[in-house]
Amino acid sequence: MLNNASAQDPHFSQFFSSPLTLNPAFTGKFFGSYRVSGNYRNQWPTINNAFTTATTSLDFHMLQKHIADNDTWGAGFVGYNDNSANGAVKFNYASFSTAYHKGLDEDGLQQIGAGFQVTYANMLINTASLKFEDQLTSAGFTGVSSEVFSNSSLQTNYIDLNAGVLYNGSTSERNNFYFGLSLYHINRPKQSFTGANFNLNPRATINAGAYFPVGFATTLHVSGIQMYQGGASETVLGGAFQFAADPEVAKPTSFFAGAWLRLNDAIIPYLGLEFDDFRLGATYDYNISSLRTASLSRGGIEVSLIYTRRPSNDRPVNCPKF
């Protein structure tokens, strides 16, 4: 009999490409008028499509003519879907977030921001798609389970509160560095199913990164996160080189190559392409933990696409990219 279980929130290996699910203080922290982001992840597909996760977000600047020139105020929306157990368990999230970034110098090269996010979450368990041990026969899961449910599906919903802070700075036109802290599930929302109640543990995240030139047309980007939730933790560190075709134009076409490491779990090679206002990225988790026997060393494929509407005639304001 299972008495205890623990788990972490859904996550992306390309955490830097899903800023509004990483830290609400990233809302509006970009150079341009608006930003659209999309991510898709299929983790452990060899284990009956264990987890598939997708998100899309839109954030934009507000009332820029009514606040200080070196400040930024952003708002954004996030839609988030996470399926597990081959679609038997489904989470759907809808979020609104806002963040204000206060300039610490005249040009706004140094900013400190605070963000807040409210989320409506819905969870659905399709019991008809679940498989239990007593159904296992020599021909597969063909037997009849003794488990009885009063309904064909179980459903719950709740309101979730998240917040974060972010420092961002630059000392030249070609470098940037940032440091952030965020806390999700501040209100410890309750999940209830057929008389069983579970309170979500808060998730604390530390995130940091930087980029700087290592040649005329080459830039090194580095970043990392440390997450804690309940008794679980996760550490991801890495970086990528950016090779620009013509760094002197306003919107150079660039190629990215690098890798991140999720400690004690997976190596994550990354390839990316930036052109005009788009940035496309792809990763593949190569499992190195003890789970590699079941996963056949295959972790998960993940793709991301970010569109940022950027002006071509203004001096760029350096913002976090990875």
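The values are calculated or read from the model by the stated rules, or taken from the named source; none is laboratory data. Everything numeric in this text was worked out from a predicted model, so none of it was measured. With ideal geometry, Cβ positions are generated from the backbone for all residues, glycine too; neighbour counts draw on all protein chains shown.
Please enumerate the residues belonging to region 236-253 that are at pLDDT below 95 and either hydroxyl-bearing (Ser, Thr, Tyr) or in contact with a strand residue (DSSP E or B) (Cβ under 9 Å, 6 or more places away or on another chain) (or both). Steps first, please.
As a first pass, look at region 236-253 and keep what is at pLDDT below 95: 244-253.
If the condition is that a residue be at pLDDT below 95 and either hydroxyl-bearing (Ser, Thr, Tyr) or in contact with a strand residue (DSSP E or B) (Cβ under 9 Å, 6 or more places away or on another chain) (or both), then Ala244, Ala245, Pro247, Lys251, Pro252, Thr253 are the ones that fit.
Table: residues versus (1) without any contact (Cβ under 8 Å) to a residue 40 or more places away in the chain; (2) surrounded by 13 or more Cβ atoms within 10 Å (Cβ to Cβ); (3) more than 29 Å from Ile112 (Cα to Cα).
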{"position": "Asn162", "(1), (2), (3)": "no, yes, no"}
{"position": "Asn176", "(1), (2), (3)": "no, yes, no"}
{"position": "Ile186", "(1), (2), (3)": "yes, yes, no"}
{"position": "Ser192", "(1), (2), (3)": "yes, yes, yes"}
{"position": "Pro202", "(1), (2), (3)": "yes, yes, no"}
{"position": "Ile206", "(1), (2), (3)": "yes, yes, no"}
{"position": "Val222", "(1), (2), (3)": "no, yes, no"}
{"position": "Gly238", "(1), (2), (3)": "yes, yes, no"}
{"position": "Pro247", "(1), (2), (3)": "yes, yes, no"}
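Quick one: would you say Arg188 is more than 21 Å from Tyr100 (Cα to Cα) and under 18 Å from the mean Cα position of the chain (by Cα)? Steps first, answer last, please.
On the way: more than 21 Å from Tyr100 (Cα to Cα): yes; under 18 Å from the mean Cα position of the chain (by Cα): no.
No: the conditions fail for Arg188.
Checking the structure you have, find out if any residue of region 209-219 is under 16 Å from the mean Cα position of the chain (by Cα), farther than 30 Å from Pro311 by Cβ and of a type outside the set (S, T, N, Q).
Start the filter on region 209-219 by keeping residues that are under 16 Å from the mean Cα position of the chain (by Cα), which leaves 209.
Pick out the ones that are also farther than 30 Å from Pro311 by Cβ and you get none.
No - not one qualifying residue is present in region 209-219.
Starting from residues that are at pLDDT below 85 and among the polar types (S, T, N, Q), keep the ones in region 1-41 and report whichever is farthest from Lys321 (Cα to Cα). Lay out the reasoning, then the answer.
Taking region 1-41 as the starting set, the residues that turn out to be at pLDDT below 85 are 1-11.
Retained after the next criterion (residues that are among the polar types (S, T, N, Q)): 3-4, 6, 8.
On the way: Asn3: 43, Asn4: 39, Ser6: 32, Gln8: 25 Å.
My answer is Asn3.
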